[in-house]
Amino acid sequence: MILYQKDKKNIWLDGKKGQINMKIVITGAQGVGKTTLAEQINKHYPDFKILPEAARLAVEAGYKLDHTATTETELWLIAKQIELESEESKWVADRCGIDLLAYIHHLFSEESSLIELATKTLVPRFRKYDLVLYLPSGEFPIEDDGVRTTDIKFQQAIDQQIKDVLETHKIPFIRIVGSPEERLAKVKNLFT
């Protein structure tokens, strides 16, 4: 089955000969259900590998996130995100360069050199995404998982930054809302 065409190449969802390794990214602020949706996609389409989340890897490596992040943290995250997204297989990611650029704009708004570096490094990579799913904030309460901040104002600010990045860089995306089951149904409808 063909999902759609990109750059005059068919994007295949089944294992047919000539398939392209599709890259699906799920973007949105913290606590909006990205990981849940990625896991659901992987469960229904097991050939889609779930990429590890760079931010969680950063915490494991000893870096601080969100309000306590440093320029060094962001540079590490940029390099790690690029490394993760270089995977050649089909994958779904519950974080991507779009999110990273939005966080940098919000947290480091006075650091023009970091914003410029992040923009020049990340934006050209956005065209490699075959499908961008945007999950808006405000659908669910933020779960405290020990890593993400539960600050709702911070979540709303990041959500706005993500929308700004999507608009500024003219990134085609599909807005996905509803319960986890409704969200999965909407994604599955994209594949039929």
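The values are calculated or read from the model by the stated rules, or taken from the named source; none is laboratory data. Treat the numbers as computed from the prediction; the structure is a model and nothing was measured. Neighbour counts run over all protein chains shown; Cβ positions are idealised from the backbone, glycine included.
Of the residues making up segment 60-74, those that are hydrophobic (A, V, I, L, M, F, W, C) and free of Cβ contacts under 8 Å to residues at least 24 places away in the same chain number 1. Selection of segment 163-176 for residues being surrounded by 14 or more Cβ atoms within 10 Å (Cβ to Cβ) and either more than 17 Å from the chain's Cα centre (by Cα) or hydrophobic (A, V, I, L, M, F, W, C) (or both) yields VAL165, LEU166, ILE171, PHE173, ILE176.
For SER113, the conditions (1) under 17 Å from the mean Cα position of the chain (by Cα); (2) outside any loop (DSSP other than H, G, I, E, B) are fulfilled apart from (1).
Considering segment 39-91, and only residues there that are closer than 16 Å to LYS128 by Cβ, of a type outside the set (A, V, I, L, M, F, W, C) and part of a helix (DSSP H, G or I), the residue that is farthest from the chain's Cα centre (by Cα) turns out to be GLU83. Listed by first and then second residue, the pairs linking a residue in segment 127-150 that is in contact (Cβ under 8 Å) with a residue 24 or more places away in the chain and under 16 Å from THR36 (Cα atoms) to a residue that is basic (Lys, Arg) and loosely packed, with under 14 Cβ neighbours inside 10 Å, with Cβ atoms under 9 Å apart and 6 or more places separating them unless they lie on different chains, are LEU133/ARG175; TYR134/ARG175; LEU135/ARG175; PRO136/ARG175.
Evaluated against (1) under 19 Å from CYS96 (Cα atoms); (2) part of a helix (DSSP H, G or I), SER137 falls short on exactly one condition, (2). Tell me which residues, restricted to segment 140-162, are polar (S, T, N, Q), modelled with pLDDT under 90 and either surrounded by 14 or more Cβ atoms within 10 Å (Cβ to Cβ) or part of a helix (DSSP H, G or I) (or both). If the condition is that a residue be polar (S, T, N, Q), modelled with pLDDT under 90 and either surrounded by 14 or more Cβ atoms within 10 Å (Cβ to Cβ) or part of a helix (DSSP H, G or I) (or both), then THR149 is the only one that fits.
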